[in-house]
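K.L.:
This is the structure, below, for whatever I ask next.
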Amino acid sequence: MEASTWIQLIVSSLLLGGVYAMVAVGLTLIFGVIKIVNFAHGQFLMLGMFSSFFLWLIFGIDPFLSMVFVLPIFFIVGVAVQRLLIQPILNAPDYAQIFLTLGLSIIIENLALLAWSADFRTARTSYSMYSIDVLGIAVSYPRLIACIASLVSVAALTFLLKRTDLGKAIRATSMDRYAAQLMGINVNRIYLYSFGIGIAMTACAGCFLITFYFTQPLMGSMFGVISFIIVVLGGLGSIAGALVGSFIIAVSEGIGGTLIASEAKSLAAFAIFILILIVRPQGLFGERIS
């Protein structure tokens with residue numbers, strides 16, 4: 001391929017990586033604070049995409065603007081899931097937590113299939129096929145805006161964690177739950193907020209993704225696997241790691257899909273994932289366990 005074609009491919013992959021980052025950051029926040037692996041994470045992304053799609057289809061609300069409605073709704077959904085399902089089993093064995101979130105993912109997936117069938121849907125807006133020419137490279141407008149919006153959202157979360165009292169309480173809880181309790185922090189409330197924020201960010205990523213990607217009930221599993229790869233690659237609980245890992249996986253998928261076949265695009269991503277973990281088992285930004 002020509003150099004310009006490679007540049008085009010890498011740029012498109014990097015823009016998709018920005019959206020991957022928002023999904024992965026939501027997952028790593030939940031794990032970093034609550035120390036639970038949410039196997040239903042991809043299904044909440046799928047629900048966010050369907051929510052944005054129907055707001056666009058029925059009410060004509062632009063997918064990017066639909067986050068105004070999706071964000072608070074899924075924050076409440078996340079808080080409810082944490083309070084009613086996750087909270088009662090926090091002290092249970094790890095396998096109980098795994099089976100609960102795995103079962104939740106299956107329930108959500110099958111209810112979505114029952115409600116909307118397995119048809120593929122996407123929001124075909126007036127700018128869906130629009131692209132911007134940058135030095136001879138066609139940059140997809142929906143991908144560009146989605147990437148920028150996702151990175152701004154990740155930056156806003158980082159600001160919340162670093163500069164606000166709530167963020168400091170979340171970080172303290174993630175470091176040591178019992179020490180945080182001794183300092184007067186309501187740990188159970190922090191868990192509610194953290195799970196709610198993580199799910200809300202993931203659903204909002206769906207609002208951005210629906211402008212150039214399809215949704216259907218089974219796609220949540222695919223994105224769930226990608227999210228786990230990114231989070232483990234970057235280092236469990238690390239936002240910076242999730243950000244860097246997202247771009248690595250997105251670019252490797254793009255290149256693998258071109259050099260091998262579109263159906264096998266994940267092969268390159270898995271290969272890079274395994275190679276990096278062989279060198280750094282704790283992930284790129286994870287702490288080494290002595």
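K.L.:
Looking at (1) in contact (Cβ under 8 Å) with a residue 60 or more places away in the chain; (2) crowded, with 16+ Cβ neighbours inside 10 Å, can you tell me which one Arg177 breaks?
P.N.:
(1)
K.L.:
Residue check, Tyr127 against (1) aromatic (Phe, Trp, Tyr); (2) in a loop (DSSP other than H, G, I, E, B); (3) surrounded by 20 or more Cβ atoms within 10 Å (Cβ to Cβ), all met but one. Which one?
P.N.:
The failed condition is (3).
K.L.:
Just to be sure I understand the filter: pairs with C-beta atoms under 9 Å, separated by 6 or more residues or on different chains, first member in segment 219-241 and touching a residue at least 40 places away in the same chain (Cβ under 8 Å), second member of a type in the set (D, E, K, R) and assigned to a helix (DSSP H, G or I). Which pairs pass?
P.N.:
Close Cβ pairs (under 9 Å, with a partner that is of a type in the set (D, E, K, R) and assigned to a helix (DSSP H, G or I)) amount to Gly220/Glu109; Ser221/Glu109; Ile226/Glu253.
K.L.:
Taking only segment 64-73 into account, find how many residues are in a loop (DSSP other than H, G, I, E, B) and either of a type in the set (Val, Ile, Thr) or in contact (Cβ under 8 Å) with a residue 24 or more places away in the chain (or both). Reasoning before the result, please.
P.N.:
Start the filter on segment 64-73 by keeping residues that are in a loop (DSSP other than H, G, I, E, B), which leaves 64-66.
Those still in the list that are either of a type in the set (Val, Ile, Thr) or in contact (Cβ under 8 Å) with a residue 24 or more places away in the chain (or both) too: 64, 66.
Count: 2.
K.L.:
Pairs please, first residue from segment 134-153 and touching a residue at least 60 places away in the same chain (Cβ under 8 Å), second anywhere and assigned to a helix (DSSP H, G or I) and surrounded by fewer than 21 Cβ atoms within 10 Å (Cβ to Cβ), Cβ atoms under 6 Å, 6+ apart in sequence or on different chains.
P.N.:
Pairs that qualify, where the first residue is touching a residue at least 60 places away in the same chain (Cβ under 8 Å) and the partner is assigned to a helix (DSSP H, G or I) and surrounded by fewer than 21 Cβ atoms within 10 Å (Cβ to Cβ), are Ile137/Ile7; Ile137/Gln8; Ile137/Val11.
K.L.:
I've got another one for you. Being surrounded by 15 or more Cβ atoms within 10 Å (Cβ to Cβ) and either part of a helix (DSSP H, G or I) or touching a His at 6+ places or on another chain (Cβ under 9 Å) (or both) narrows it down to one of Ile76, Ile36, Ile10, Ile61, so name that one.
P.N.:
Ile10
K.L.:
Got a number for residues in segment 1-50 being under 11 Å from the mean Cα position of the chain (by Cα) and of a type in the set (S, T, N, Q)?
P.N.:
Matching residues across segment 1-50 total 2.
K.L.:
Does segment 84-96 contain any residue that is surrounded by 24 or more Cβ atoms within 10 Å (Cβ to Cβ) and out of contact with any strand residue (DSSP E or B) (no Cβ under 7 Å at 6 or more places or on another chain)?
P.N.:
no
K.L.:
Tell me, please, whether a residue that is surrounded by fewer than 16 Cβ atoms within 10 Å (Cβ to Cβ), small (Gly, Ala, Ser) and either in a loop (DSSP other than H, G, I, E, B) or modelled with pLDDT under 95 (or both) can be found in segment 135-143.
P.N.:
yes
K.L.:
Here is a check on your reading of the model: is Leu192 within 30 Å of Met175 (Cα to Cα), modelled with pLDDT under 90, more than 12 Å from the chain's Cα centre (by Cα) and among the hydrophobic types (A, V, I, L, M, F, W, C)?
P.N.:
no
K.L.:
Another question, then. Pull up segment 51-84, narrow it to residues that are within 17 Å of the chain's Cα centre (by Cα) and hydroxyl-bearing (Ser, Thr, Tyr), then point me to the one that is nearest to Tyr191 (Cα to Cα).
P.N.:
Among those residues, the one meeting the criterion is Ser51.
K.L.:
Does Gly256 fit the bill of being part of a loop (DSSP other than H, G, I, E, B) and surrounded by fewer than 24 Cβ atoms within 10 Å (Cβ to Cβ)?
P.N.:
Values: part of a loop (DSSP other than H, G, I, E, B): no; surrounded by fewer than 24 Cβ atoms within 10 Å (Cβ to Cβ): yes.
Taking the combined requirement at face value, the residue does not satisfy it.
Yes/no per residue for (1) of a type in the set (Phe, Trp, Tyr); (2) at pLDDT 95 or above; (3) farther than 23 Å from Thr122 by Cβ:
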residue: Phe50; (1), (2), (3): yes, yes, no
residue: Phe54; (1), (2), (3): yes, yes, no
residue: Pro63; (1), (2), (3): no, yes, no
residue: Leu71; (1), (2), (3): no, yes, no
residue: Phe75; (1), (2), (3): yes, yes, yes
residue: Gly78; (1), (2), (3): no, yes, yes
residue: Gln87; (1), (2), (3): no, no, yes
residue: Tyr95; (1), (2), (3): yes, no, yes
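K.L.:
Something else about it: So which of Ile86, Ile107 ends up being in contact (Cβ under 8 Å) with a residue 24 or more places away in the chain and among the β-branched types (Val, Ile, Thr)?
P.N.:
Unique residue meeting the criteria: Ile86.
The values are calculated or read from the model by the stated rules, or taken from the named source; none is laboratory data. Everything numeric here is computed off the predicted structure, so don't read it as measured data. Using ideal geometry, Cβ is built from the backbone for each residue, glycine included, and neighbour counts are taken over all protein chains shown.
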